[in-house]
Amino acid sequence: MAEKAVDLPEECWELIIKLLDHPSHFNSLSQVCKQFLSITNRLLLSLKLSDPTVQALLPRLLQRFRRIKQIELTGFQGDMNSILHQIAQSGLNLESLNVSKQPTLPVVGLRALGSKMMDLKSLNCSKMRCFGDSDLNVIAESFPCLEELDISYHADDSTTGSKPISDLGIFSLSLKLKSLRKINLSGNSFITDKSLVFLSTNCLLLSQVVLHFCNFISLNGISKLIHGCSHLNSISVHGIGNPSVNAAFKVPFLSSKALWAIALSDSDISDEFLYAVAEARFPLKKLTLSRCANYSFSGISVLLNEYQSLEYLNLEAAYFLRDKDIAELSRFLHSINHINLSHCYGLTCITFYTLIKNCLVLDKLEMVATSIGEENIETDFKASHGIKSLNLANSSLGNNFITSFASICPKLELLNLSKCKGITEEGIVEVLKRCSEIRQLEVNHIGGMTDCFLHLEFELPKLKVLSLMFSGIDDDALAMIGKRCCRLLKLDLAGCFSLTSKGVKEVVENCKELKEINLKWCNKFSADIVPWMVFSRPSLKKIVPPSRFVLTERQRNLFLRHGCMVYDGGAFE
């Protein structure tokens, strides 16, 4: 190994290496020279441990990477108390720790860690099989300076005799964690509005709260939380509205100068609730009312009229909406850059063109499973709109409409047309011709893609992500993709039953930057295809192999040493 690289100041090399998009590149760089080894050691800030066999090497790793701030032990199957004790003795100054997906809280290890690292800022203890109020006390006593805490989605295994988290446990926690800013309480089914009052009263710096599937939380409780937390800037609520709990909305909001994001999904709300939000005049930038019920056009109209500086709006599954309603609401959406109207079945092409015309800074539009494309509309729009992301999946689109929007939105970078049965290869080719900036294309469950790519006569150098699940593509078309889309980073071919090793080898050889490939349900491959990909294309980091591929633990570890994670099946994480 050489002593030094080209004679540049070390600070310059550090800035250059920081530009790499993933720390996995540090491994090869560290072998170039001792200078690069030293720099990459300093730049690695996070460490993820999943294999128990690495426990013996942990002291050396912690000694080498002295600037690690975050350690993730999600689902670690070794001795958690022992490994936490090793981390405690390392002398590191951790800021974030993830010990989620464990049978129980590793109490002994966390106490040892807390005695050395009381300044830990973030702790994730979610998805444990057994977790209760006593565990909350351990956390609060061990890490009194915590600012972020995730205690969501515990299994509440009744066979262990453990009682789930209660209002009393949240009360005790709130008294001890005075610096708490973010908390995720999702899935804790037995806490009530009292817990929100305790948090708002005692955790005065609280800024973000997540409450998904908390059955005994009501809109009144949410209002009390907002009323009591002057620093609250974001609240996310899912699945509230139990008729026995969600009494008529009564508690008015206190106007807050911090609250910029409200997200309500799969919940029963009311126009009265929306009127109260409008009257509060929060500095809202993001509003989500996804799959919510019991509100009407009147409520959302009053609210949007008040918040004309909104930048993000999600009205997914607002079944009452029609084209004329969107025409009315669009008058208030001057600042909107992302809107989701998916599953609003009453909306057609008229809504699409209305938004294009009236929302001049719109950057991302989602209209999945709407009635868009069911009728042809003449338009004289010019190619000037700056929309960069368009998701129209599962709609009745045809070639005429997609070529129309391609002309209007030539700056598209992300396009999803999956399950749009009226589209043919001619339409896709025309879109690719007109939208030369496309970086991500999803055309899953659409037939005819073989002809589309087989006859592609121009290159797509900017295309990075291509998803062709169940598209029927064959080896010849895949080989052409390798030639025309040579800068691909991610390729999803799940369910393309005609593919063989021949086509995959062509695309892997030509796409020299490919990082991820999904071959699930593709069963015409030879047994050596996965090892061949790992050793032939060093850039590959994730592979979902054909369903019949049996992966041994020895093979998995071998592939990991070459920098590639090979899954047993399923989609990418």
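The values are calculated or read from the model by the stated rules, or taken from the named source; none is laboratory data. The model shown is predicted, which means the values in this text are computed figures rather than measured ones. Glycine gets a Cβ as well: all are built from the backbone with ideal geometry, and neighbour counts include every protein chain shown. Accessible surface areas use protein heavy atoms only, side chains included; no ligands, DNA or RNA. Shrake-Rupley method; radii C 1.70, N 1.55, O 1.52, S 1.80 Å.
At a glance:
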quantity	calculated
In segment 61-110, the residues that are more than 23 Å from Ser152 (Cβ to Cβ) and acidic (Asp, Glu)	Asp79
Of all residues making up segment 279-292, the number that are modelled with pLDDT of 95 or more, open to solvent by 40 Å² or more (accessible area, probe 1.4 Å) and over 15 Å from Trp260 (Cβ atoms)	1
Selected residue (criterion: most open to solvent (accessible area, probe 1.4 Å)) from residues of segment 537-548 that are over 11 Å from Asn518 (Cα atoms) and out of contact with any Lys or Arg (no Cβ under 8 Å at 6 or more places or on another chain)	Arg548
Some residue of segment 166-173 being touching a strand residue (DSSP E or B) at 6+ places or on another chain (Cβ under 7 Å) and either farther than 18 Å from Leu120 by Cα or surrounded by fewer than 18 Cβ atoms within 10 Å (Cβ to Cβ) (or both)	yes
From the options Glu306, Glu311, residue that is charged (D, E, K, R), open to solvent by 50 Å² or more (accessible area, probe 1.4 Å) and out of contact with any helix residue (DSSP H, G or I) (no Cβ under 7 Å at 6 or more places or on another chain)	Glu311
Unique residue being touching a strand residue (DSSP E or B) at 6+ places or on another chain (Cβ under 7 Å), of a type outside the set (Ser, Thr, Tyr) and open to solvent by 10 Å² or more (accessible area, probe 1.4 Å) when the list is Asp474, Asp492	Asp492
Among residues of segment 495-507, those that are of a type outside the set (Gly, Ala, Ser) and surrounded by fewer than 23 Cβ atoms within 10 Å (Cβ to Cβ), counted	5
Residues located in segment 181-207, provided they are at pLDDT 95 or above, assigned to a loop (DSSP other than H, G, I, E, B) and surrounded by fewer than 18 Cβ atoms within 10 Å (Cβ to Cβ)	Leu205
Boolean, Leu110 is in contact with a helix residue (DSSP H, G or I) (Cβ under 9 Å, 6 or more places away or on another chain), closer than 19 Å to Leu204 by Cα and open to solvent by less than 10 Å² (accessible area, probe 1.4 Å)	no
Yes/no for Ser396 being of a type in the set (Gly, Ala, Ser), open to solvent by less than 40 Å² (accessible area, probe 1.4 Å), assigned to a loop (DSSP other than H, G, I, E, B) and under 21 Å from Lys364 (Cα atoms)	no
Among the residues listed as Ile356, Ile350, Ile377, the single one being assigned to a loop (DSSP other than H, G, I, E, B), modelled with pLDDT under 95 and touching a helix residue (DSSP H, G or I) at 6+ places or on another chain (Cβ under 8 Å)	Ile377
Single unsatisfied condition, Ser301 versus (1) over 26 Å from the mean Cα position of the chain (by Cα); (2) surrounded by fewer than 19 Cβ atoms within 10 Å (Cβ to Cβ); (3) assigned to a loop (DSSP other than H, G, I, E, B); (4) not aromatic (Phe, Trp, Tyr)	(3)
Only listed residue being touching a residue at least 12 places away in the same chain (Cβ under 8 Å), surrounded by 21 or more Cβ atoms within 10 Å (Cβ to Cβ) and not aliphatic (A, V, I, L, M), chosen from Cys486, Cys564	Cys564
Any hit, segment 436-450, residues being among the hydroxyl-bearing types (Ser, Thr, Tyr), surrounded by fewer than 18 Cβ atoms within 10 Å (Cβ to Cβ) and either within 26 Å of the chain's Cα centre (by Cα) or farther than 20 Å from Lys524 by Cβ (or both)	yes
Index of the failed condition, Ile226 passing every other in (1) of a type in the set (A, V, I, L, M, F, W, C); (2) over 18 Å from Arg291 (Cα atoms); (3) modelled with pLDDT under 95; (4) open to solvent by 20 Å² or more (accessible area, probe 1.4 Å)	(4)
Check on Phe216, of a type outside the set (Ser, Thr, Tyr), open to solvent by 10 Å² or more (accessible area, probe 1.4 Å) and in contact with a Pro (Cβ under 8 Å, 6 or more places away or on another chain)	no
